[in-house]
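The structure under discussion appears below in the form of structure tokens.
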Amino acid sequence: MKPTRRDFLRSAAAAPALAAGQLQRRPNILFFFGDDWGRYAGAYRDPKRPGFSDALKTPNIDRVAHEGVLFTHAFMSVPSCTPSRAAVATGCYAWRAGSNSNLRGGSWKGRPDPADQLPGFGVMLEKSGYCVRAGFKTLNQKWLGGETNRKAEFHRYSLYVSAAANPGDAEKRKQDIADQARQGIRSAMEGRSPGQPFFYVYGPITTHRPWVRGSGKKLWGIEPDTLSGRMPAFLPDNAVVREDVADYLGEVQAVDMIVGALLDELQKAGELNNTLVVLSGDNGMGGMPRGKCNLYDFGVGAPLVVRWAGKGKPGRVVDDFVNLMDLAPTFLEAAGLTPPATMNGRSLVPLLTSTKSGTVDPSRDYVVTSRERHVGDARAGNLPYPSRAIRTKDFLYIRNFKPDRNPMGDPVGGVEDMSFEELTATRELLTYKDMDASPTKAWILKHRDEKYYQLAFGKRPAEELYDLSRDPDQVHNAAADAKYAKVKTQLSERLAKIMRDTDDPRLTDAPDRVPYIEG
């Protein structure tokens, strides 16, 4: 009998014993927020369902899980970076974030912006006495506060290491990437006054395309063929796609290396057990059908691993539903502050301080996700593809408000005769612009008669419903099946009530007009 994920975590050593008085002051907070890092790590292996995490070695992420809490049902608010990060920063549904509810804001200059009415947890932490620092792609500065290192170039792992002149240079470049993380966390620790807690958010873009083809195997030893039989139903199980996924997984292992550098610096400084460590990502894998920019689990399923020494029971696996907007009130409560009434998110502190595994809070039985616009000109008139979804343990219900529009953007003529290599060019998205350029996208574009083309780029009905017990990959829409009529109605009404209660502007189609889009 194969060990379960819970067995895997329970077998690890418990968190190190704490010295007396070590956790008397407010905790430091390290928030690691990986760009396009989906729910992939060794700790997420599931023996009941083969998947990409089976091919991963992530000892540092797994260590945080061993010594803390692994969340199995955490979800990004939006599968697009700007609104996803806005939801995290404000603790609100992204549709409330005005100019930040789209990747590119629209025409808000000179107009009232709802984003200006939302306080950010970072500014609140700073006002309460925290030293706030950030590195690379993080959160909107007006909500984060503090100091941000945005000028330095982040070294994308495979692009940087693959450019090495020799093995020695490659090793140096690898260390350069780890050193960027080390220097960042040191800046947070060294930039504070004696006894002052810090908040540090580190946002690497390692798992965001582009990366080097073949780098997963060459740099990390991830053999693409080991992924055979582990592909979800919406991805072709062929050499091109397996290599593409293996290369992404290599970048996840680079993420793990960076996490290890951050943990090492905290430990050397004697601050690890005084620090709330939170690891997560902003949206799913880019350049893939049903991934980034989609409300299926492949697009919004979030990694969430939390270590808070001395709080709760380590090595737990928690199945409660979590929206990443819950992080804002969590950080505030952990710091001894009261989350403002503006926040829709709910603090995770009760879950983190519990001793229970599985379902801790039965009321956390769903999550709502959304999308509006990603690439500005993906569709004629700069229009979005508006969708809302509600995910429960058993079902995923998606409401597509404009089913006449193309979900991944409009097709662009003239690409049919382009070569595979030209179609993979990362400097141009070329066609269906809401999906990043990738070898997988190129393969699907060159095989238009295959079922995968429709799954990737085809128009979608106004309603989608997926029975997760029968269809975990979410490819068989049951919305028109009379057998599911009652469930569909219940989920639709529940979703509509949340939209009404939170004044979702989509109820009046406002995001289709200026200022949400350009005039």
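The values are calculated or read from the model by the stated rules, or taken from the named source; none is laboratory data. As the structure is a prediction and not an experimental result, all values here were calculated from the model. Positions of Cβ are backbone-derived with ideal geometry, glycine not excepted, and every protein chain shown enters the neighbour counts. Accessible surface is based on the protein model in full, side chains and every heavy atom, while ligands, DNA and RNA are left aside. Shrake-Rupley method; radii C 1.70, N 1.55, O 1.52, S 1.80 Å.
Using C-alpha pairs below 8 Å separated by at least 6 residues, the relative contact order for region 243-386 is 18 percent. Short-range pairs are left out: with C-alpha atoms under 8 Å and at least six residues apart, the relative contact order of region 417-519 is 12 percent.
FRET efficiency for Glu450 and Lys109, Cβ-Cβ distance as r, R0 = 30 Å, nearest 0.05? All intermediate terms of the calculation are to be shown ahead of the outcome.
Working: r = 45 Å, r/R0 = 1.50.
Efficiency at R0 = 30 Å is approximately 0.10.
A probe of 1.4 angstrom, applied to the heavy atoms of all protein chains, finds Lys486 with accessible area near 150 square angstrom.
What size of dipole, in debye to the nearest 20, comes out for region 417-519 about its Cα centre when the only charges are +1 on Lys and Arg C-beta atoms and -1 on Asp and Glu C-beta atoms?
On the way: 17 positive and 21 negative charges, 79 e Å.
Rounded to the nearest 20 debye, it is 380 debye.
Each listed q (0.11, 0.17 Å⁻¹) maps to a log10 I(q)/I(0) for region 426-509, found by the Debye formula over equal Cα scatterers with no solvent: -0.50, -0.92. Couplings 3J(HN,Hα) for region 355-369, derived from phi with the Karplus relation 6.51 cos²θ - 1.76 cosθ + 1.60 (θ = phi - 60°), are 10, 8, 10, x, 8, 9, 10, x, 6, 8, 10, 7, 8, 10, 10 Hz, where x marks Gly and Pro. Dipole check for the chain: with +1 at the C-beta of Lys and Arg, -1 at the C-beta of Asp and Glu, and the Cα centre as origin, the magnitude is about 1040 Debye.
Whenever you get a sec, compute what percent of the accessible area on the chain sits on carbon and sulfur atoms (1.4 Å probe).
Numbers: 9950 of 19900 Å².
Answer for the chain is 50 percent, counting heavy atoms of protein chains only.
Once the GluC sites (Glu not before Pro) in DSSP loops with at most 16 neighbouring Cβ atoms within 10 Å are cut out of the chain, the longest remaining piece is 154-415. Which log10 I(q)/I(0) values does region 87-229 give at q = 0.11, 0.13, 0.16 Å⁻¹ under the Debye formula, counting every alpha carbon as one identical point scatterer? Log10 of I(q)/I(0), two decimals: -0.60, -0.78, -0.96.
Where does region 377-519 land on Rg/Rh, using Cα atoms and the Kirkwood Rh? Each step should come with its number before you reach the end.
Details: Rg = 17.4 Å, Rh = 17.1 Å.
Here the Rg-to-Rh quotient is 1.02.
Summed over all non-identical Cα pairs, the Kirkwood treatment of the chain gives a radius of 23.3 Å. Dividing the helix sum by the residues of the chain, where each DSSP H run of 4 or more adds -39500 (n - 2.57), gives a mean residue ellipticity at 222 nm of -8500 deg cm²/dmol.
Rolling a 1.4 Å probe over the protein heavy atoms gives region 180-307 an accessible area of 25 Å² per residue.
With both labels modelled 7 Å from their Cα along Cα-to-Cβ, the Asp179 to Ser363 distance reads 5.1 nm. At full extension, Met418 and Asp319 could sit 31.1 nm farther apart than now, given 0.36 nm per residue minus the alpha carbon distance. Once backbone amide H atoms are built at 1.01 Å from N, Ile29 has Phe198, Phe199, Tyr200, Leu276 as its partners under 5 Å, excluding neighbours fewer than 5 places away on the same chain.
Mean separation of Cα pairs under 8 Å and 6+ residues apart, divided by the residue count of the chain: what relative contact order is that in percent?
Numbers: 1140 pairs, mean separation 110.6, N = 519.
After rounding, I find 21 percent.
Full extension of the chain between Asp264 and Asp116 yields a length gain of 49.5 nm, computed as 0.36 nm times the residue separation minus the alpha carbon distance. Antiparallel beta bridges, as assigned by DSSP with both residues in the chain, represent about 45 percent of the total such bridges.
Calculated FRET efficiency, Glu223 to Ala380, Cβ-Cβ distance, R0 = 45 Å: about 0.55 to the nearest 0.05.
Tell me the per residue accessible area of region 336-458 using a 1.4 Å probe; a whole number in Å² is fine. Can you show the working numbers first?
Values: 5100 Å² over 123 residues.
For region 336-458, the per-residue accessible area is 41 Å².
Taking the Cα centre of region 283-362 as reference, the dipole from Cβ charges on Lys and Arg (+1) and Asp and Glu (-1) amounts to some 220 debye.
Projecting label points 7 angstrom from Cα along Cα→Cβ for Lys486 and Ile498 puts them 2.3 nm apart. In the context of the full protein assembly, His476 retains an accessible surface of approximately 130 Å², using a probe radius of 1.4 Å and ignoring ligands and nucleic acids. With each label modelled as a point 7 angstrom along the Cα→C-beta vector, the Asn238-Arg49 pair spans 2.6 nm. Arg25 contributes about 80 Å² of solvent-accessible surface, heavy atoms of the protein only, 1.4 Å probe.
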